[in-house]
Amino acid sequence: YSFFVDGNTNINAVYADTAAEEKVVIVMAEPGIIADGNRISFYSERSVPTGYTVKETGIILSKTADFDVNSATVKAVAKSKAKKGQFTVRKKGVVSGETWHARAYVIYRDSTGSAQTIYSNEVSMTVK
């Protein structure tokens, strides 16, 4: 089991008599402004269980909230199809006052061969 911690976090172990069901997990960390001030970095991390096949993974960007792979303004696809990994996208040319929203996604086949798409939490950043 692995996880990504972004900031000050308390972790409490919880024990059970049976194993937890493995699920596809994809999360976004809080975005950051790159030193030159006109680029935003977006970071994601994924974990896909054994028996599942990653077809595509990446980060999508939009100037509006609530979007998916079909309605995103920018779609950055990772080259890696590894079950576990991280992916970073840098949006350049961002002007002062502009807000960008981002979500990571994974398109995969589950253990029955069924195609699924899962999205991370949505994060956003406004350049000042």
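The values are calculated or read from the model by the stated rules, or taken from the named source; none is laboratory data. Here the structure is a predicted model, which means the values were calculated and not measured. Methodologically, a virtual Cβ is constructed for each residue, glycine included, from the backbone with ideal geometry; neighbour enumeration extends over all protein chains shown. Only protein heavy atoms, including side chains, enter the accessible area calculation; ligands, DNA and RNA are left aside. Shrake-Rupley method; radii C 1.70, N 1.55, O 1.52, S 1.80 Å.
Quick notes
- Subset of region 17-36 [within 17 Å of Gly97 (Cβ to Cβ) and loosely packed, with under 11 Cβ neighbours inside 10 Å]: Asp36
- Number of the exception - Trp100 against (1) open to solvent by 50 Å² or more (accessible area, probe 1.4 Å); (2) closer than 14 Å to Met28 by Cα; (3) assigned to a strand (DSSP E or B): (1)
- Look at region 64-77: where a residue is at positive phi and a partner is in a loop (DSSP other than H, G, I, E, B), sitting 6+ places away or on another chain with Cβ atoms under 8 Å, you get Asp66/Glu122.
- Qualifying position, being within 13 Å of Asn121 (Cα to Cα), crowded, with 18+ Cβ neighbours inside 10 Å and of a type in the set (S, T, N, Q), among Ser44, Ser62: Ser44
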